[in-house]
Structures are given as C-alpha cells and as structure tokens.
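Take a look at the structure set out below.
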C-alpha cells in the first residue's frame with residue numbers, strides 16, 4: 001500500500017509539473033509568435049482587411065498562424081490542414097452539406113443561389129487502361145436549403161495511371177471541369193468536361209492539350225490559377241514546360257503559356273517577353289491579369305499581361321534593399337491587388353501593388369520583436385476580406 005501511495009504522489013507531481021510547463025510553453029509560444037507590421041511607405045489601411053495564413057517555423061518546431069494587423073492567432077497544425085480559412089464560412093453556414101467532403105478548393109463552385117461540389121475519383125490510381133471513372137456531383141440549393149446529387153460516367157478510356165479534377169466553374173447552368181490524366185510513363189492529357197446541371201447530362205469531354213516524355217526530355221502541364229476563388233475565374237492559365245534530362249540541373253528547354261476563356265472555352269497562346277521564361281520566380285492570376293515576377297540583387301521586376309486584350313503592360317521595377325532575399329517567399333493576387341513577400345536578414349518585407357495601375361500601395365516589414373531565436377515564415381495564402 002505504501003508503494004501505491006508513493007506511485008500516486010509521483011504521478012501527481014509529474015502531472016502538475018507537466019501542466020505548469022505546458023502553460024509556460026503556450027504563453028511563451030504566444031509571445032514568440034506575435035507579429036507586427038512596420039510601415040516603410042504607403043497606406044496602412046490596406047492592412048485593415050488583410051489576413052495572412054502561414055506556417056511559422058521556430059526553434060525546430062512549427063505552427064500554423066493567421067497574421068493580421070491586429071493579432072496573430074496560432075492554429076493547431078492538424079486543424080490547419082483540415083480547415084483552411086477559405087472553408088470556414090462554408091462549414092459554418094452549410095454544415096450538413098459540407099460534412100464528409102474533401103476540403104479542396106478546386107472542387108467547389110459557389111454563387112448566391114447554389115454551392116456545387118465535384119468529388120475526386122476514389123483511389124484514382126487504380127483506374128487502369130481501358131477502364132473509366134465517374135463524375136459525382138452534389139448541389140446545394142441555397143434558397144430551398146435542399147441537396148441533390150447525381151453521378152455521370154465518363155466516356156474517356158485513355159491509358160491513365162492517375163486522374164484528378166480542378167478549376168470548376170458554372171456558366172449558364174453548365175458545369176465546366178478541367179480533368180488532368182497521367183499515364184504510367186508520365187504523359188499527360190488535359191480535358192475540358194462540360195455537364196448540364198439541369199438535365200444531369202454529360203455534354204462533352206474535349207482534349208485541350210497533351211504532352212509526352214522521352215529519354216531526353218520531361219514535359220508537363222503546369223496550372224497557375226489560385227485554388228481559393230471557388231470557381232470564379234474568367235481565365236484558366238497553364239503552361240507546357242519541357243526540361244532536358246541530360247544534365248543534373250534539368251535545364252528548362254521551353255515554356256509555353258496558354259489562356260482558356262472559361263465562358264467561350266477558347267484557348268489562346270501567350271507569348272512571354274524574351275528571357276522571362278528563364279527568370280520567372282512567381283506567377284499569379286487575378287481576373288483579367290496574369291502576373292509574373294522575379295527578383296535580382298538590385299531590383300524586383302513585375303510583368304503584367306492583360307489576358308482579354310492579349311497585351312503586356314509596361315513592367316514594374318523597384319529597387320531591392322541590400323538585405324532582401326532574392327527568392328520570393330510568396331506571391332498572391334486578390335481583388336485587383338498583388339501581395340508579394342520576401343525574406344530579409346531578420347524580418348520579412350510585404351509589398352502590396354495595384355495590378356492594373358502598376359503602382360505600389362503599401363510597403364512594410366513583418367517583424368517579431370519578441371523572438372529570441374531565428375524563425376521562418378512561409379505564407380501559404382493572402383486573404384483580402386474587404387469583399
């Protein structure tokens with residue numbers, strides 16, 4: 001009995017010690033992860049509606065955080081992976097509809113009257129040569145608060161090793177869905193699939209582009225649209241990139257950009273300014289604009305392409321501070337604004353641009369004055385909550 005009570009005493013002390021330690025760690029962590037914005041130039045009001053969703057690495061560990069002008073909110077890493085900020089309103093407002101659905105923004109379309117979800121094929125890697133898959137669609141009627149579901153069999157029977165859906169939109173009750181197929185040799189096919197939502201019928205599955213590999217080159221299709229517009233994108237931008245395999249660096253041989261109009265389904269080529277294909281570091285798409293940026297030791301260069309007018313605007317060039325990291329940490333576009341973040345010696349620089357006008361609206365440092373050790377921020381998303 002004496003040993004039993006000794007065990008309980010030791011266990012109790014251990015629990016209390018761990019609890020106190022945990023509380024201290026949490027308090028320290030909250031202080032360590034408090035970030036502030038320090039204005040260099042421009043208008044601070046552009047920060048009022050901005051939330052940065054980021055991963056923060058600090059002292060060998062990491063946390064997910066929401067960083068705004070007013071506060072820094074830490075999020076549990078597992079919760080962050082399950083619930084990106086873009087889905088919070090959908091989950092809060094439509095819990096029953098959202099239950100059990102994958103939180104992949106490319107698989108949703110939302111407007112004032114409906115919410116549409118297309119489920120990725122289950123175990124797509126099991127789809128074999130000559131077999132096919134189906135499109136499983138759920139629709140929430142917001143006015144009636146009713147859900148309808150249907151499934152349509154694909155007519156595509158290509159040799160494929162993987163298939164996934166992306167960039168859903170709805171135009172005049174026609175669901176438009178981009179489908180990429182990959183076979184066991186790395187060859188890719190990009191299809192535009194159109195489904196009549198009212199009649200629940202498959203209208204077409206059209207090949208948009210395809211690429212193949214050989215022993216000397218590797219060619220792939222890259223998509224550049226944001227994942228968080230929930231289907232409201234006028235243009236879908238992709239490139240066909242070819243790399244040489246005869247050198248350790250896998251040198252870029254060619255990069256051809258294309259724009260697909262989601263209303264007319266027309267695909268047009270975009271010719272890059274000479275040399276930009278080799279220099280580009282970040283790409284963003286926002287409504288009618290394709291934005292490509294890169295940094296050097298002396299300047300940051302931003303190219304803007306008006307997709308509808310099919311013309312390049314004059315590039316924006318800004319001098320770089322000597323202690324700025326040339327490699328861009330993150331770049332995103334929303335509501336006509338471009339957000340660019342670069343690492344510095346001990347802080348991060350955030351710049352906000354007006355895309356159409358090509359002017360700098362705000363420039364400032366994102367800092368943590370309480371940090372006692374080095375930290376690293378990777379901004380995964382920028383949210384402009386003004387709209």
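Things to note:
- Extension reserve of the residue 141-residue 250 stretch, reckoned as 0.36 nm per residue once the Cα distance is removed: 34.3 nm
- Modelled this way, with points 7 Å down the Cα-to-C-beta line, the labels at residue 91 and residue 185 are 4.4 nm from one another.
- Separation of the residue 207 and residue 194 label points, Cα + 7 Å toward Cβ, nm: 1.9
- Equivalent ellipsoid, the stretch 83-270 (semi-axes from 5 times Cα gyration tensor eigenvalues, Å): 31, 18, 16
- FRET efficiency estimate (nearest 0.05) - Cβ-Cβ, residue 234 to residue 45, R0 25 angstrom: 0.35
- Distance between the modelled labels on residue 386 and residue 62, one decimal in nanometres: 3.1 nm (7 Å Cα→Cβ projection).
- The stretch 240-269-the stretch 139-190 distance, computed between alpha-carbon centres (Å): 22
- As a calculated quantity, the FRET efficiency between residue 317 and residue 36 at R0 = 25 Å, using C-beta atoms, amounts to about 0.30.
- From least to most packed, judged by other beta carbons within 10 angstrom and beginning with the fewest, 147, 119 follow the order 147, 119.
- Förster radius 41 Å - calculated FRET efficiency between residue 99 and residue 73 (Cβ-Cβ, nearest 0.05): 0.95
- Compared with the alpha-carbon gap, the fully stretched path from residue 270 to residue 367 is longer by 31.1 nm at 0.36 nm per residue.
- The share of alpha-carbon pairs in the stretch 240-387 lying farther apart than 17 Å comes to 66%.
Only the coordinates and a few stated rules stand behind these numbers; no lab work does. Bear in mind that the values here come from a model prediction, so they are computed numbers and not experimental data. Please note: Cβ atoms are built from the backbone with ideal geometry, for glycine as well, and neighbour counts cover all protein chains shown.
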